[in-house]
Amino acid sequence: AFFLILRNVLRISAVAIVSSFVLIIGKLFIMTATTLLAYMAMEKQLEGQVNYLWIPTLLVCFISYFTAEMFNEVFGMAISTILQCFVADEEMFEVAERFAEGDLAKMIGKTNAMAKKDATIHPEKDGEKYEEKETPELA
């Protein structure tokens, strides 16, 4: 698995960065929404019975964060596993024999094509960008 990751380090690191960002956003959203709903529910249900709602609200905030952390950790592991399986599938089998089909194969194919297109280096001359000229086709 080490050499598989090493051969595809750019692809795996790009997915890892994006998935980390999405998982952090998910954790914060779950924590904020749960805390807000708990505060509103406690305010409505316990009106006049409790003078200070911030301590129970902070307790709900901590519990919701750790719960979201556990669920998102499983989700992040699934993302990493699916990506490694796809990369292994791509290296071991020809296009017609691959297990990855449909949207996953199309999406990875598009990102591979864009990566190859962006990887071309255009030389610059005197600070101006070099423009490629079309070569005439030979008959």
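The values are calculated or read from the model by the stated rules, or taken from the named source; none is laboratory data. Predicted model, so just to flag it, every value in this text is computed and none were measured. So basically every Cβ, Gly included, is an ideal-geometry build from the backbone, and we count neighbours across all protein chains shown. Ligands, DNA and RNA are stripped out before the accessible areas are found, and what is left, the full protein with its side chains, is counted by its heavy atoms. Shrake-Rupley method; radii C 1.70, N 1.55, O 1.52, S 1.80 Å.
Numerical summary
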read-out	value
Residue pairs meeting the criteria (Cβ under 9 Å; at least 6 apart or on separate chains; first over 24 Å from Ala78 (Cβ atoms), in the range 20-41; second aromatic (Phe, Trp, Tyr) and modelled with pLDDT under 95)	Tyr39/Trp54
Answer residue from the range 85-102, given it is surrounded by 14 or more Cβ atoms within 10 Å (Cβ to Cβ) and touching a residue at least 24 places away in the same chain (Cβ under 8 Å) and is farthest from the chain's Cα centre (by Cα) among those	Ala88
Residue pairs meeting the criteria (Cβ under 9 Å; at least 6 apart or on separate chains; first under 9 Å from Met31 (Cα atoms), in the range 53-68; second of a type in the set (Lys, Arg))	Tyr65/Lys27; Ala68/Lys27
Residue check for Leu6: outside any loop (DSSP other than H, G, I, E, B), free of Cβ contacts under 8 Å to residues at least 40 places away in the same chain and open to solvent by 80 Å² or more (accessible area, probe 1.4 Å)	yes
Scope the range 39-60; condition open to solvent by less than 60 Å² (accessible area, probe 1.4 Å) and at pLDDT 95 or above; matching residues	Val60
Test result for Ser13, modelled with pLDDT under 95, touching a Gly at 6+ places or on another chain (Cβ under 8 Å) and either basic (Lys, Arg) or open to solvent by less than 80 Å² (accessible area, probe 1.4 Å) (or both)	no
So Ser64, is it among the hydroxyl-bearing types (Ser, Thr, Tyr), at pLDDT 65 or above and under 18 Å from Ala14 (Cα atoms)	no
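A quick yes/no check of all residues on (1) open to solvent by less than 60 Å² (accessible area, probe 1.4 Å); (2) under 30 Å from Ala1 (Cα atoms):
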site	(1), (2)
Phe62	no, no
Phe71	no, yes
Ile79	yes, yes
Leu83	yes, yes
